[in-house]
Amino acid sequence: MRPTGPIGQAAAAGGRPLLARLLVLFLLAGLVPLLGAPGVARAASGCSGRPAKTVGFSTGELRVYKSRAHVCAVTVAKKPGKRRTMSVTLQARGGRVVSDKGKYTKMAGPVTVDALNRCVRATGAIGKKSASTGWILC
């Protein structure tokens, strides 16, 4: 009795390599969600690098992160939920201000500037409450 169907026909016609390829394909497809896409590791904070400064205020926190040549900032709500106006700004000394402002539920940003050997300042706001770092990382 010969096997029938597409897999049975492939096996009957010496399709073991095909079955092995399919098995490897299914195993790899199962690993993709575990490995994640690029940038997923940053999802919790929105920035890469080490934490450099955190400034708390009544409605949230301004978080600043530093890597070798870049500084990144986000404003994170203490109580995520309804949409409200949030903003984060970041400026390297001698450079332009980079900002993100809008109505968000959890976080404004991330914003990033090149800051190799330069001071930076950051400001974060949620509603009418805000916090600022002044010049840091000098």
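A short reminder: the numbers here are calculations on the coordinates, not readings from a lab. The structure presented is a predicted model; accordingly, all values stated were derived computationally and were not measured. Quick reminder, even Gly has a Cβ in these numbers, built from the backbone with ideal geometry, and neighbours come from all protein chains shown.
Quick notes
- Of all residues in region 74-91 being buried (at least 20 other Cβ atoms within 10 Å of the Cβ) and out of contact with any Gly (no Cβ under 6 Å at 6 or more places or on another chain), the one that is farthest from SER48 (Cα to Cα): MET86
- Matching residues, region 65-114, being in a loop (DSSP other than H, G, I, E, B) and either without any contact (Cβ under 8 Å) to a residue 12 or more places away in the chain or within 17 Å of ALA131 (Cα to Cα) (or both): LYS78, LYS79, ARG96, LYS106
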